[in-house]
Amino acid sequence: GDLEGVRRHLDHVADLGADGIWLSPFYRSPMADFGYDVSDFCAVDPTFGSLNEFDELLAAAHSRDLRVILDWVPGHFPKDLHGLARFDGTALYEHADPRQGEHQDWGTLIFNLGRREVANYLLSNALFWLMKYHIDGLRADAVASRLRSAHERAYRAAQLFSAIEDPGSEILALVWFA
């Protein structure tokens, strides 16, 4: 469904006693992977509505004491040239070496989190949803699939989310490595 359809069903969700909703990716995408192939992390795909409709959905959910968690895809992105792939003609967001930069199972490119600019881009996007729209959490999709060891997994998670360490912050970031 679309965002307006979800908004119309919030009373039913609240009546069931739920305390939140978890939204699959609704970001702009070529939709080759049900929206998990994000090409614009700050835009709503017109198939699902608009940022204004998302804002209305969020307000409606919060007025019913329902939390909103977004499925967020910081691990990989499509190879399509209309998105982030070879954005400036170089491997800007992805690894230059295709052996490191391509997810063979999905045919997508892997974010190069070793580049501070890339980690900052993703962190800025997380903060966009958390601070501008006041969502209640993020579920980070497909991160573990690209991290090779427990040590690297812990290191990369700490690297990506180090800016959300301020104990005075009211930001709640829910992160699973699925």
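The values are calculated or read from the model by the stated rules, or taken from the named source; none is laboratory data. In this text the structure is predicted, and so the values were computed from the model without any measurement. Note that we place each Cβ from the backbone using ideal geometry, even for glycine, and neighbour counts take in every protein chain shown. All accessible areas refer to the heavy atoms of the entire protein, side chains included, with ligands and DNA or RNA removed. Shrake-Rupley method; radii C 1.70, N 1.55, O 1.52, S 1.80 Å.
Points worth noting:
- On segment 1-143, 51 percent of the accessible area sits on carbon and sulfur atoms, based on a 1.4 Å probe.
- A Förster distance of 35 Å, applied to the separation of the beta-carbon atoms of Leu16 and Glu117, puts the FRET efficiency at 0.20.
- In Å², nearest 10: area of Val13 left accessible to a 1.4 Å probe: 30
- The phi-based Karplus calculation (6.51 cos²θ - 1.76 cosθ + 1.60; θ = phi - 60°) puts the 3J(HN,Hα) values of segment 18-24 at 5, 10, x, 10, 10, 9, 5 Hz, whole numbers, x for Gly and Pro.
- Zone of Arg8's modelled label, taken as backbone nitrogen in segment 28-54 under 11 Å from a point 7 Å along Cα→Cβ: none
- Segment 83-127, accessible area per residue, ligands and nucleic acids excluded (1.4 Å, Å²): 52
- Projected label points at Lys132 and Arg64, each 7 Å from Cα along the beta carbon direction, are separated by 2.6 nanometres.
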